[in-house]
């Protein structure tokens with residue numbers, strides 16, 4: 001079949017014996033094992049050693065042979081370049097040449113790589129060491145003449161599925177409507193073009209095909225650089241272009257890749273590695289592995305007819321990550337089970353631990369911040385609630401006190417009213433007809449004004465004590481607070497026959513605070529004290545203020561009452577704690593919260609001599 | 001016959017005002033700041049009538065009335081209070097008081113009480 005194509009090639013290069021550097025890769029013979037003689041293997045290349053895809057097969061086969069062979073190997077590599085042209089006359093000379101090379105010792109194994117080499121050895125088998133075992137490798141099954149296989153011949157063929165390869169293009173790039181096929185004009189290229197044509201025919205109407213065998217390689221580059229969108233290139237082979245130029249060095253694919261405006265696909269992973277997007281491809285290594293295995297068996301003397309090498313078909317679809325990126329092909333569109341090669345390590349791959357560490361730190365930090373914010377908010381809400389609750393309780397507490405003290409308060413108001421009334425009557429009398437005692441009358445009127453002022457002070461004190469506290473903090477004289485409270489409870493003290501002892505330190509400085517609240521503290525403490533003394537014969541209420549250096553005041557309220565049990569000392573400040581039958585149990589709790597809101601502390605004690613002592617300190621305003 | 005009216009009230013302003021009022025009405029009046037002070041002075045014979053506050057530290061008005069009755073100086077008493085209490089009122093009136101006045105009171109009511117007390 002190859003011969004038929006050979007004759008068709010115009011402007012063919014003449015039959016040249018291409019001795020590819022007489023590659024005597026006597027790798028193993030350099031260090032021959034004493035127990036075994038080196039096996040001579042003739043590797044017969046179809047083209048030069050550098051033509052892909054066979055060069056890749058050859059490389060892989062060499063490695064496999066060396067890996068699998070128990071013996072030292074003497075690899076002799078020769079290439080026929082007849083495949084590039086159509087003239088087969090010089091073949092005989094090449095056969096003679098090979099015979100001459102191996103005249104002393106014929107090879108132990110022949111490995112023909114590629115279809116042209118297979119074709120050549122099959123035709124020349126009778127003259128080429130006919131009893132030497134031979135493997136036809138890296139050849140598509142369609143290029144093997146099974147009918148003339150000899151008893152020493154083994155086929156390790158591959159099977160290219162162009163349909164799958166081209167369908168793959170349409171699968172990963174569904175919008176593709178134009179495919180350019182890169183294929184040259186040499187006999188083998190012509191053969192494969194004819195294999196692709198039916199596939200192209202089946203896709204007619206959906207995809208337009210451009211065949212590059214009509215272009216010089218330079219024109220191919222120009223054309224590929226200007227391909228319209230939705231185009232793709234299918235790389236078959238480029239050995240000899242339309243201008244008859246032989247492209248051996250294997251740089252054609254990379255030159256095309258450098259200029260192309262469309263993604264490039266192929267059918268074997270021999271080309272895979274930089275320029276090809278990927279897809280199902282004939283796996284070179286797998287094929288080479290099978291060649292190696294068969295070679296070892298043949299070298300061991302096994303009958304070739306007993307060796308059956310499985311066909312190497314299209315492998316698992318494999319894609320080049322870089323090309324997927326370049327052409328914007330999503331990994332999700334790839335066939336299931338696809339492999340992705342050359343994934344460039346992302347920052348994630350390189351710094352995974354660091355990134356995870358940082359992320360974890362950020363997350364932990366965020367959690368802590370969130371938690372703190374949450375706690376802050378909760379606390380804020382609780383404080384607001386506590387404040388409003390406390391404010392309400394303070395209000396209730398004040399109202400209760402106001403109720404308790406109403407008689408006392410009325411008493412305190414009536415006193416100046418009485419004085420004023422009596423003075424008014426007196427003034428009227430002094431001015432009665434016939435008397436006209438102006439001086440006495442004026443004196444009475446002055447006294448009325450004094451009484452009015454006093455009454456007003458009492459009323460203001462009541463408002464300040466029992467009204468809702470809307471005032472801002474202001475300087476408060478604690479002695480005055482104590483006096484105001486004592487005025488209001490004056491009658492209360494008397495009715496309960498309480499002896500009052502006040503000892504106020506006039507040197508204490510004003511403190512910054514809420515007057516009403518502080519009055520409430522004193523009032524609560526005093527009322528508690530009065531109540532605690534109800535059943536006692538001796539009823540003394542002592543209220544004392546003392547300066548604390550440098551800026552503070554200590555207020556002490558002591559009674560001679562029943563005192564507080566040691567067990568209760570801890571509990572008296574708790575809300576709802578009460579020893580009184582009618583008490584709410586909020587008084588001391590409120591007192592303490594007010595004192596603490598003013599930056600002070602309240603303590604309770606029950607001295608041995610009886611009664612109880614409640615004292616609290618407050619910070620005075622620093623002197624300017 | 002004694003015509004001096006003694007005023008006993010711990011509140012200075014009330015005490016002085018009452019004294020001035022009585023003076024303006026032509027009475028001789030003396031003010032005391034507590035029952036104890038009044039007793040200490042012992043001018044029982046000079047006193048025709050007592051105007052006493054009920055709520056006072058130490059000995060209050062009611063106690064004073066009882067004390068005077070007990071020691072034989074049952075002087076006419078008029079009570080004045082800023083803290084009206086029906087029970088106390090009944091008690092003092094039953095004990096012979098000539099009046100129970102709630103502060104602030106009318107001049108005329110005071111005069112009625114005094115006149116009653118003195119006429120006795």
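General observations
- In the range B:40-54, the residue that is farthest from residue A:415 (Cα to Cα) out of those that are in contact with a helix residue (DSSP H, G or I) (Cβ under 9 Å, 6 or more places away or on another chain) and surrounded by fewer than 24 Cβ atoms within 10 Å (Cβ to Cβ) is B:44.
Yes/no per residue for (1) in contact (Cβ under 8 Å) with a residue 24 or more places away in the chain; (2) over 30 Å from residue A:134 (Cβ atoms); (3) crowded, with 24+ Cβ neighbours inside 10 Å:
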site: A:242; (1), (2), (3): yes, yes, no
site: A:284; (1), (2), (3): yes, no, yes
site: A:291; (1), (2), (3): yes, no, yes
site: A:309; (1), (2), (3): yes, no, no
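- Each residue in the range B:38-80 was checked for being in contact (Cβ under 8 Å) with a residue 60 or more places away in the chain, away from chain A (no Cβ under 14 Å) and within 19 Å of residue B:105 (Cα to Cα), and 1 pass.
- Hey, residue A:338 loosely packed, with under 12 Cβ neighbours inside 10 Å and in the same structural domain as residue A:172 (by TED's automatic domain parsing) or not: no
- Check on residue B:17, surrounded by 14 or more Cβ atoms within 10 Å (Cβ to Cβ), farther than 16 Å from residue B:99 by Cβ and within 14 Å of chain A (Cβ to nearest Cβ): yes
- Selection count where residues are more than 19 Å from residue B:119 (Cα to Cα) and touching a helix residue (DSSP H, G or I) at 6+ places or on another chain (Cβ under 7 Å), scope the range B:68-90: 3
- Residue match in the range A:393-414 (condition: modelled with pLDDT of 85 or more and surrounded by 13 or more Cβ atoms within 10 Å (Cβ to Cβ)): yes
- Residues located in the range A:400-414, provided they are more than 7 Å from chain B (Cβ to nearest Cβ) and touching a residue at least 60 places away in the same chain (Cβ under 8 Å): A:400, A:401, A:402, A:404, A:405, A:408, A:409, A:412
- Qualifying residue in the range A:216-233 (condition: assigned to a loop (DSSP other than H, G, I, E, B) and either in contact with a strand residue (DSSP E or B) (Cβ under 6 Å, 6 or more places away or on another chain) or under 24 Å from residue A:110 (Cβ atoms) (or both)): no
- Which numbered condition residue B:108 misses (of (1) more than 22 Å from residue A:493 (Cβ to Cβ); (2) surrounded by 14 or more Cβ atoms within 10 Å (Cβ to Cβ); (3) within 14 Å of chain A (Cβ to nearest Cβ)): (2)
- Taken together, the criteria exclude residue B:119 from residues that are more than 14 Å from chain A (Cβ to nearest Cβ), at pLDDT 90 or above, over 21 Å from residue B:15 (Cβ atoms) and more than 15 Å from the chain's Cα centre (by Cα).
- Index of the failed condition, residue A:301 passing every other in (1) more than 16 Å from residue A:69 (Cβ to Cβ); (2) without any contact (Cβ under 8 Å) to a residue 12 or more places away in the chain: (1)
- Failed condition for residue A:448, given (1) at pLDDT 90 or above; (2) touching a strand residue (DSSP E or B) at 6+ places or on another chain (Cβ under 7 Å): (2)
The values are calculated or read from the model by the stated rules, or taken from the named source; none is laboratory data. Fair warning: this is a prediction, and the values are worked out from it, not measured in the lab. Counting neighbours? That spans all protein chains shown, and the Cβs are built from the backbone with ideal geometry, glycine included.
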